[in-house]
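Asker: Take this structure, written in C-alpha cells, and hold onto it; I'll ask about it next.
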Amino acid sequence: MTHHTVPMQRPRRLRSTPAMRQLAAETRLHSRDLVLPMFVREGITEPRAISSMPGVVQHTMDSLRAAVVDAAEAGLGGVMLFGIPEHRDAMGSAATDPAGVLNAATRAVAAEVGDALVVQTDLCLDEFTDHGHCGVLAGDGAVDNDATLKRYQDMALAQAASGAQLLGLSGMMDGQVAAVRSALDEQGYTDTAILAYSAKYASAFYGPFREAVDSQLTGDRRTYQMDPGNRREGLREATLDMAEGADAVMVKPAMSYLDVLADVAAVSTVPVWAYQVSGEAAMIEAAAANGWIDREAAITESLIGIRRAGADAILSYFATEVAGWLR
Ligand code: PBG
C-alpha cells in the first residue's frame, strides 16, 4: 500500500471519448455566430471569380440574391455587403446614390431575406473613390478626417434607407461612430445598429480583398489604419468607439491580432467581433491546394481560435460552407 499522496492529475480522462470531448469543450462554433462578407459588382451579367480568393466571387445582383438565400438557409447570423461601382470619383458619389450598386443590392437582399439574417453593409468610401482611400482628400492629398465624417453620415442614411440593419464602419476615421449615430438618430433610424471596426490594422493580409473590389489605391492606409505593433492602442480605439455608442466592436484582421481581441473582449460591454480577412483565407486555401494542410480542419481550427480568443461573432469567407459542416 502506498501512503496518502495527492492523486495524479489526469486531464486525459476528459479526452477519452468523442462524447466526453464534446462535453468538455469550452468553445464551439455556431452558424449564428458567423457572418459572410459578399461582393456585388455593377454592370456584370455573370459572377466573376477572384483569383486570390478561390470560391469567392464578385456577384451580379441575381447571384447575390441567390447566395444570400443560401446563407440564410445555412443559418448564418448575417451577411456583410461590399459594392463595386462602375464609376468612381473623388467624393465616392456612388456610395450615397440611392441607385448606387451597394444601396440597390441592399434593398434587393433585404426584400429577399427579410429578417432571416442580419443584413449588413460596409460603410467606407474606398470602393467608391477613384483614389481608393477610405475618405475624401484635402488639397494636400491627405485624407481629410472631418470632411469624410460628413460623407459617412450621408452614406449611413442611404444604407439605412435601403434596409441595412447594421452598418460596418470600417474607415477608421476619428469620431466616425458618434457622427454616424447622431445622423441616424436625427433621421429616425434609431434601430439601425453600428458595428465599429475599432481596432483595424494596416495589414498585408488585405491583399486579396483589394483584388476583390478592384481597389484603386496606390499608397497605403497608415495614416488612418493602425500600426501592427500597437496593442494598447487597440484597446483605446475600442474604448472610444464604445463611448461613442458603438453597438459592437471589431478587431481586424483576426489571426495576427488575437491578443488585441482578447484584451478588448476582457473589458467590452458590447459584443466583440473579429474579421478573418481575405489573406487569412487565402493562406489556408493555398496551403490546402498544395496538400500541405487539411483544409476543413484548418478552417475549423482557425475559427475556433478566434472564438477562444474572445470573438462573439466572426466575419469569414468560409461562413456558409462551415455552417454546412456544423449541421
Ligand atoms: C475597407 C475594407 C477593407 C477590408 C474590409 N473593409 C480593405 C482595406 O482596409 O484595405 C478588407 C477585408 C479583407 O481583407 O477580407 N472598406
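Asker: Looking only at the range 87-114, which residues are in contact (Cβ under 8 Å) with a residue 12 or more places away in the chain and assigned to a loop (DSSP other than H, G, I, E, B)? So that I can check it myself, show each step before the final result.
Answerer: So the first thing to find is which residues in the range 87-114 are in contact (Cβ under 8 Å) with a residue 12 or more places away in the chain, and the list is 88-98, 100-113.
Correct list: Arg88, Ala90, Met91, Gly92, Thr96, Asp97, Pro98, Gly100.
Asker: Inspect all residues belonging to the range 215-228 and state whether any of them is out of contact with any Phe, Trp or Tyr (no Cβ under 8 Å at 6 or more places or on another chain) and of a type in the set (Phe, Trp, Tyr).
Answerer: Applying the first criterion (out of contact with any Phe, Trp or Tyr (no Cβ under 8 Å at 6 or more places or on another chain)) to the range 215-228 yields 216-224.
Then drop every residue that is not of a type in the set (Phe, Trp, Tyr), which leaves 224.
Yes, there is a match, as at least one residue in the range 215-228 is out of contact with any Phe, Trp or Tyr (no Cβ under 8 Å at 6 or more places or on another chain) and of a type in the set (Phe, Trp, Tyr).
Asker: Could you look through the range 136-191, keep only residues that are in a helix (DSSP H, G or I), more than 30 Å from Glu112 (Cα to Cα) and of a type in the set (D, E, K, R), and pick out the one that is most open to solvent (accessible area, probe 1.4 Å)?
Answerer: Lys150
Asker: For the range 111-141, name all the residues that are touching a Ser or Thr at 6+ places or on another chain (Cβ under 7 Å) and either polar (S, T, N, Q) or over 20 Å from Ala158 (Cβ atoms) (or both).
Answerer: Thr121, Gly132
Asker: Give me the residue from the range 311-325 that is open to solvent by less than 20 Å² (accessible area, probe 1.4 Å) and over 15 Å from the mean Cα position of the chain (by Cα) and, out of that set, farthest from the ligand (Cβ to nearest atom).
Answerer: Step one: filter the range 311-325 for residues open to solvent by less than 20 Å² (accessible area, probe 1.4 Å), giving 311, 313-316, 318-319, 322-323.
So of that shortlist, the ones also over 15 Å from the mean Cα position of the chain (by Cα) come out as 322-323.
On the way: Val322: 16, Ala323: 19 Å.
Looking at the filtered set, the residue picked out is Ala323.
Asker: Would you call Gly175 within 10 Å of the ligand (Cβ to nearest atom) and in contact (Cβ under 8 Å) with a residue 12 or more places away in the chain?
Answerer: Working: within 10 Å of the ligand (Cβ to nearest atom): no; in contact (Cβ under 8 Å) with a residue 12 or more places away in the chain: yes.
Taking the combined requirement at face value, the residue does not satisfy it.
Asker: Would you point out which residue out of Glu244, Glu285 is of a type in the set (Asp, Glu), under 16 Å from Phe205 (Cα atoms) and in contact with a Lys or Arg (Cβ under 9 Å, 6 or more places away or on another chain)? Steps first, please.
Answerer: Working: Glu244 fails: under 16 Å from Phe205 (Cα atoms).
When all the criteria are applied, what remains is Glu285.
Asker: Let me ask something else. Of the residues Leu184, Leu157, Leu167, which single one is of a type outside the set (Phe, Trp, Tyr) and within 16 Å of the ligand (Cβ to nearest atom)? Can you show your working first?
Answerer: Details: Leu184 fails: within 16 Å of the ligand (Cβ to nearest atom); Leu157 fails: within 16 Å of the ligand (Cβ to nearest atom).
Testing whether each residue is of a type outside the set (Phe, Trp, Tyr) and within 16 Å of the ligand (Cβ to nearest atom) leaves just Leu167.
Asker: Still on this structure, I have one more. Just to be sure I understand the filter: pairs with C-beta atoms under 8 Å, separated by 6 or more residues or on different chains, first member in the range 199-228 and charged (D, E, K, R), second member more than 11 Å from the ligand (Cβ to nearest atom) and open to solvent by 60 Å² or more (accessible area, probe 1.4 Å). Which pairs pass?
Answerer: Taking only residues 6 or more apart or on different chains, the pairs are Glu211/Ser51; Asp227/Glu233.
Let's see how each residue does on (1) buried (at least 22 other Cβ atoms within 10 Å of the Cβ); (2) within 18 Å of the chain's Cα centre (by Cα); (3) in a loop (DSSP other than H, G, I, E, B):
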site: Phe39; (1), (2), (3): yes, yes, no
site: Gly43; (1), (2), (3): no, no, yes
site: Ser51; (1), (2), (3): no, no, yes
site: Arg65; (1), (2), (3): no, no, no
site: Val68; (1), (2), (3): yes, yes, no
site: Ala72; (1), (2), (3): no, yes, no
site: Phe82; (1), (2), (3): yes, yes, no
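Asker: Looking only at the range 201-227, how many residues end up being more than 7 Å from the ligand (Cβ to nearest atom) and not in a loop (DSSP other than H, G, I, E, B)?
Answerer: Qualifying residue count for the region: 6.
Asker: What's the number of the only condition in (1) in a loop (DSSP other than H, G, I, E, B); (2) more than 14 Å from the ligand (Cβ to nearest atom); (3) touching a residue at least 40 places away in the same chain (Cβ under 8 Å); (4) open to solvent by 70 Å² or more (accessible area, probe 1.4 Å) that Trp292 fails to meet?
Answerer: Result: Trp292 fails condition (3) only.
Asker: Now for a different question. Does at least one position in the range 217-238 carry a residue that is under 28 Å from Pro85 (Cα atoms), of a type in the set (Phe, Trp, Tyr) and under 14 Å from the mean Cα position of the chain (by Cα)?
Answerer: In the first step, residues of the range 217-238 are kept if they are under 28 Å from Pro85 (Cα atoms); the result is 217-226.
After this cut, where a residue has to be of a type in the set (Phe, Trp, Tyr) as well, the list is 224.
Okay, now just the ones that are also under 14 Å from the mean Cα position of the chain (by Cα), so none.
No, the range 217-238 contains no residue that is under 28 Å from Pro85 (Cα atoms), of a type in the set (Phe, Trp, Tyr) and under 14 Å from the mean Cα position of the chain (by Cα).
Asker: Just to be sure, is Leu303 crowded, with 18+ Cβ neighbours inside 10 Å, within 16 Å of the ligand (Cβ to nearest atom), among the hydrophobic types (A, V, I, L, M, F, W, C) and at pLDDT 95 or above?
Answerer: yes
Asker: Any chance you could count how many residues in the range 247-263 are farther than 19 Å from Ala202 by Cβ and more than 16 Å from the ligand (Cβ to nearest atom)? Lay out the reasoning, then the answer.
Answerer: As a first pass, look at the range 247-263 and keep what is farther than 19 Å from Ala202 by Cβ: 247-248, 262.
Okay, now just the ones that are also more than 16 Å from the ligand (Cβ to nearest atom), so 247, 262.
Selection size over the range 247-263: 2.
The values are calculated or read from the model by the stated rules, or taken from the named source; none is laboratory data. Just so it is clear, the structure is predicted and the values come from calculations on it, not from any experiment. FYI the Cβ positions are ideal-geometry reconstructions off the backbone, even for glycines, and counts take in every protein chain you see. Keep in mind that these areas ignore ligands, DNA and RNA; they rest on the heavy atoms of the full protein, side chains included. Shrake-Rupley method; radii C 1.70, N 1.55, O 1.52, S 1.80 Å.
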